[in-house]
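Q: Below is one structure. I have some questions about it.
The values are calculated or read from the model by the stated rules, or taken from the named source; none is laboratory data. Source: prediction; values computed, not measured. So basically every Cβ, Gly included, is an ideal-geometry build from the backbone, and we count neighbours across all protein chains shown. Keep in mind that these areas ignore ligands, DNA and RNA; they rest on the heavy atoms of the full protein, side chains included. Shrake-Rupley method; radii C 1.70, N 1.55, O 1.52, S 1.80 Å.
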Amino acid sequence: MIKMKGKYKVTRYKGIPIESDASGNYIIKKDDHNDFKLHDWRTGKHTKGNYKSLGQIFLTENNMMVAVIATYPVKFNNRHNFTPLQRFTSEYISNDVLDEAKKRLDE
């Protein structure tokens, strides 16, 4: 088997944009209709930090905070279908916020 130079493991992260409320708690960032959508990102060659578990917050390349609500493996050749994330943080959303977001996975 020939190993490609520079090949790395790619994971897709389904996440929700989040923000802090007045008390500093993480909440789902909702639109003008009090709604939210799930979006996809992936690990990239230069992604900093490590994924640990659902609810973990990462920063996008535009410094938007996003919480992971599901993960999926991605074939290396298909990585360009998703936007790379910048870095994982050590912060997490609450279980209540995670549960609210996970309900969208079934829709």
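Q: In the stretch 44-81, how many are open to solvent by less than 20 Å² (accessible area, probe 1.4 Å), assigned to a loop (DSSP other than H, G, I, E, B) and at negative phi?
A: 1
Q: Next question, about the same structure. Kindly check whether there is at least one residue in the stretch 28-41 that is touching a Leu at 6+ places or on another chain (Cβ under 7 Å), in a strand (DSSP E or B) and under 16 Å from Y8 (Cβ atoms).
A: Within the stretch 28-41 (the criterion being touching a Leu at 6+ places or on another chain (Cβ under 7 Å), in a strand (DSSP E or B) and under 16 Å from Y8 (Cβ atoms)), the answer is yes, since at least one residue qualifies.
Q: Right, something else. Out of the residues in the stretch 20-43 that are under 13 Å from V97 (Cβ atoms), open to solvent by 70 Å² or more (accessible area, probe 1.4 Å) and touching a residue at least 12 places away in the same chain (Cβ under 8 Å), which is farthest from the chain's Cα centre (by Cα)?
A: Applying the filter and picking the extreme gives N25.
Q: OK, next. Could you please find all residues in the stretch 82-104 being assigned to a strand (DSSP E or B) and either touching a Leu at 6+ places or on another chain (Cβ under 6 Å) or open to solvent by 60 Å² or more (accessible area, probe 1.4 Å) (or both)? Give the derivation first.
A: Residues of the stretch 82-104 that are assigned to a strand (DSSP E or B), as a first pass: 83-92.
Scanning the stretch 82-104 gives T83, Q86, R87, S90, E91, Y92.
Q: Anything in the stretch 58-91 that is in contact (Cβ under 8 Å) with a residue 40 or more places away in the chain, within 15 Å of K29 (Cα to Cα) and not small (G, A, S)? List them, or say none.
A: The answer is F58, M64, M65, V66, V68, I69.
Q: Here's another thing I want to ask about it. Report, by residue number, each residue of the stretch 8-19 that is assigned to a loop (DSSP other than H, G, I, E, B) and surrounded by 10 or more Cβ atoms within 10 Å (Cβ to Cβ).
A: If the condition is that a residue be assigned to a loop (DSSP other than H, G, I, E, B) and surrounded by 10 or more Cβ atoms within 10 Å (Cβ to Cβ), then Y8 is the only one that fits.
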